[in-house]
Amino acid sequence: AGMILMGLIDANTHHLPADPAAAAALDRGPEGFPADHLRRPIRLTDLARNLGLPVETARRKMARLVARGLCIRLADGYIVPGHVLAGEPLWTIMQDNRTQLLRLLTTLGEHGVLSFWRTEAEVLPGAA
């Protein structure tokens, strides 16, 4: 569900300006994030394609996210509203994802994969 949620947040906001001055001029919601009307909804099929997931897998995971109140379905797709971005459940999911990533990196390091990547990065200019 974390991958779906992060992909959804990215899809909703990738069109917003990255420049701090331009971003500061955006309409803001009460949570301090860009207002919900600025988020671009994404259809489930498009999100599944972007993430390389079967549509049915994405549909099941999205249904769980909607049931938990972590995203909402609009007429033209799904968004993660600002109150969710500012809320505790999202931070818990992000911490869980971080823990899982650290476990993965630890395991990869134990099997020598990370040293292989470091060696490649040293040999290939621009690989890092």
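Since every read-out is calculated from the coordinates, none of them should be taken as a lab result. The structure displayed is predicted, hence computed values, not measured ones. Here Cβ is always computed from backbone atoms with ideal geometry, including for glycine, and neighbour counts include all displayed protein chains.
For the reader, a short list of remarks on this structure follows.
- Positive dipole terminus of segment 2-112, leading residue within T13, L65, T99 (C-beta point charges): L65
- Answer label for Rg and Dmax of the Cα atoms in Å (calculated), chosen among [x] 17.4, 54; [y] 17.8, 50; [z] 15.6, 56: [y]
- Full extension of the chain segment joining L104 with A22 gains 25.8 nm, where the gain is 0.36 nm per residue of separation less the Cα-Cα distance.
- The charge dipole of the chain, taken about its Cα centre with unit charges on the Cβ atoms of Lys, Arg (+1), Asp and Glu (-1) only, comes to about 500 debye.
- Mean residue ellipticity, 222 nm, helices only, the chain: the sum of -39500 (n - 2.57) across DSSP H runs of n ≥ 4, divided by residue count and rounded to 500, is -18000 deg cm²/dmol.
- Gain upon complete extension [N50, E88; 0.36 nm per residue less C-alpha separation]: 11.0 nm
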